[in-house]
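For reference, the structure is listed below as structure tokens.
Just so it is clear, none of the values below were taken in a lab; they were calculated from the coordinates. As the structure is a prediction and not an experimental result, all values here were calculated from the model. Here the Cβ is made from the backbone with ideal geometry for all residues, glycine too, and neighbour counts use every protein chain on show.
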Amino acid sequence: MDYDYNSEYNDEDDLDEIKRIVPDTSAIIEGNVEKIINEKGLNYPEIIIPEAVIAELEHQANNQRPTGIRGLENIKKLQDLAEIGKLSIRITGRRPTKFEKDNAKLGEIDGLIRDVAKDELALLLTSDKIQAKTAEAQGIPTIYYAQEYKGAIDLKIAKFFDEDTMSVHLKENVVPMAKKGKPGHIELVKLADEKFTYKQLELIAEEILEKERYDPKTYLEVDRQGAIVVQSRDLRISIARPPFSEGLEITAVRPVAEVSLDDYHLSSQLIERLTNSARGILISGSPGAGKSTFAQAIAKFYDEDLNKVVKTMESPRDLQVGDTITQYAPLEGDMENTADILLLVRPDFTIYDELRKNHDFKIFADMRLAGVGMIGVVHATRPIDAIQRIASRVDLGTIPSIVDTTIYIEDGEISAIYENKLTVKVPTGMEERDLARPVIEVRDFESGTLVHEIYTYGEQTIVMDIGMVEQSKKANKKDKTPVQLIAEKEILRTMKRIAPKAAIEVSMENDRRVNIYITEKYIPKIIGKGGKRITELENEIGISMNVEPLEKAPDSFAERLSKRSKKSKKDKKDKHKKSKKSELKEYNDNLKDYTVDSDSKKDYNDNYYDLT
């Protein structure tokens, strides 16, 4: 029976005449086909399932998504109903292309399903509101069943949490475990003696994904083959399956403390800096140290106390912040797109949780240099590591403009606060005024003590521990300083680039002079015509260079050279023996099949004696 696409299927008379139904993916998953047949008492309707629906459910099932498995099971139920004469079922249409699969979230597959409904002059059944609105706009008769969340308000996994629980760890064939305590004082405890089965975990995973579909405060942050991350209110839940993991595992993490800056007992000096001058802040620490908790406290401080516009960039969005702070995820899978939008929104401060890859540091730097106040969260095992990680990714001179304050968190407390300033000076440990260069001073914020210096030396970026330099000077003035050791390494690299085959040794005589010992025939190459090359090198590195034949090197160098020479000769001898062995083996193999006259054989045997 042909239908008028402009008719409305709202009254009972119209519904009684329904003969052909095209369900989309959402309707199949929800079981709405059986629902409409039972509710309206339809007599032997024809159910037309697009190939696009089968492909989408198959893809979800291959990714271990319960929705895909449930959808395929519902289609099997429809096939069973067809066998007993309750309905007829037909699969038609074409499977989606790779482009359509990749752009499924943009409506490409939904478009294929609507095309089938239009071609078959059938009713479209859906639980997708946008699909229903689009179909109606195209004149396709549509019945929309709104999705309703039927699960419990609290997830089953939430029952494992108490006020001291940071995370719950569930895995098949393993007893449930939990981390309890506060940052810095955490212990792993067993929650039960009975091991979890695969089926039990599957039910928990299905409930989590079910809630993600209906609960507006539950988001699917990551969906990859074998790995799913869901943020459900204050719970960050990771689900790992084969092939990503060797077994089904569910991990749920929750913040255990909601704190304000007052709980950290900050000095008035630091409060004043955060209020008036800190615009590029890195919060660093090891995993579980309390970085995100401190970031939440800063967000609350800027939002409520200073009345600033605060946004966050997160993946997943697990910071617990007030409703006035908008949390942004990667737009179309890329934080760079999120940054583009944020620059239009013009926040006073943005919290970037967290900086991991080069891409993240670049976005952080670009936004900071664009004038947005930035607070970045980064993993680090020492206070200086956070600065060192960004120093290797941006131009050295821009570091103080990007990061002016570094706060290191350990065991839930502030362990160190550094401030960064750019100056021009001779690096600590060097004496010659000609060695002056741009240096980033990293100072302890509270005491003003110089802790580290960052500068370039040749092609290297040096992060120098000032305490180590001073300690080296006090221990033994004859010992080489860390700066001198770095200089030796850089000069050796430069010499090797000029004469790669030469044997070279480098020794710093003092901060202003270096002795270079090299194979004698390569000395002219280092010095250059009229001393031009050596002069250029001295000007470039800022150190006077004395070039000598390798034979004049100190005894320690000569001994090392002798060992190196012996090893080289041994390697050549071994290689020669191996070559002779190979030739003898080839001779013996050939001799077995050698059946020519005796004179020829004698010639061949003469060759054998030559080989031996």
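Quick look at the values:
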item	result
For MET313, distant residues with modelled amide H under 5 Å away	TYR328, ILE351, TYR352, ASP353
Rough spin-label spacing in nm, given labels placed 7 Å along Cα→Cβ, for VAL547 and LYS76	8.0
Under 5 Å, built H, 5+ apart or other chain: amide partners of VAL547	ILE516
In nm, spacing of pseudo-spin labels at GLU207 and THR381 (7 Å Cα→C-beta vector)	3.9
Computed E for LEU121/LYS156 - FRET, C-beta separation, R0 41 angstrom, nearest 0.05	0.35
3J(HN,Hα) from dihedral phi, the stretch 48-62, Karplus parametrisation 6.51/-1.76/1.60, rounded to Hz, x for glycine, proline	10, 9, x, 4, 4, 5, 4, 5, 5, 5, 5, 4, 5, 5, 5
Proximal charge balance of SER245 [Cβ under 15 Å; K/R count +1, D/E count -1]	-1
Under 5 Å, built H, 5+ apart or other chain: amide partners of LEU123	ARG20, ILE21, VAL22
GluC sites (Glu not before Pro) restricted to the stretch 307-380 and DSSP loop, no more than 15 other C-beta within 10 Å	GLU332
Exposure proxy order (Cβ contacts within 10 Å, fewest to most) of PHE244, PHE364, PHE196, PHE99	PHE99, PHE244, PHE196, PHE364
Percent of alpha-carbon pairs separated by more than 19 Å within the stretch 482-552	24
Inter-probe distance in nm under a simple model that places probes 7 Å from Cα toward Cβ, at GLU459 and ALA146	6.6
Given LYS156/LYS182; LYS35/LYS159; LYS182/LYS357, the pairs whose alpha carbons are separated by over 31 Å	LYS35/LYS159
Karplus 3J(HN,Hα) series, Hz, for the stretch 315-328 with 6.51 cos²θ - 1.76 cosθ + 1.60 (x for Gly, Pro)	8, x, 8, 10, 6, 9, 10, x, 5, 6, 9, 7, 9, 9
Net length gained if the chain between ARG437 and PHE99 were fully extended (0.36 nm per residue, minus Cα distance)	116.3 nm
Net length gained if the chain between LYS35 and SER245 were fully extended (0.36 nm per residue, minus Cα distance)	71.8 nm
GluC sites (Glu not before Pro) within the stretch 392-426, DSSP loop, no more than 11 other Cβ atoms inside 10 Å	none
Environment charge at GLN460 (Cβ cut-off 11 Å; Lys +1, Arg +1, Asp -1, Glu -1)	0
Fewest-first ranking of SER507, SER127, using other Cβ atoms within 10 Å as the exposure measure	SER507, SER127
Whole-Hz couplings from phi, Karplus 6.51/-1.76/1.60, listed for the stretch 121-132; x for Gly and Pro	6, 10, 7, 8, 10, 8, 10, 9, 4, 5, 4, 5
Neighbourhood charge, 10 Å Cβ-Cβ cut-off, centred on LYS101 and excluding it, Lys, Arg +1 and Asp, Glu -1	-2
Estimated FRET transfer efficiency when R0 is 22 angstrom, pair THR275-VAL309 (beta carbons, to 0.05)	0.90
Residue list for the stretch 484-523, given a label point 7 angstrom along the Cα-to-Cβ vector of ASN539 and an amide N cut-off under 20 Å	491, 494-495, 498, 512-514
Flagged links, alpha-carbon separation over 24 Å, of LYS211/LYS291; LYS105/LYS171; LYS496/LYS529	LYS211/LYS291; LYS105/LYS171
Mean projected area (nm²) of the alpha-carbon convex hull when the stretch 317-462 is viewed from all directions	10.5
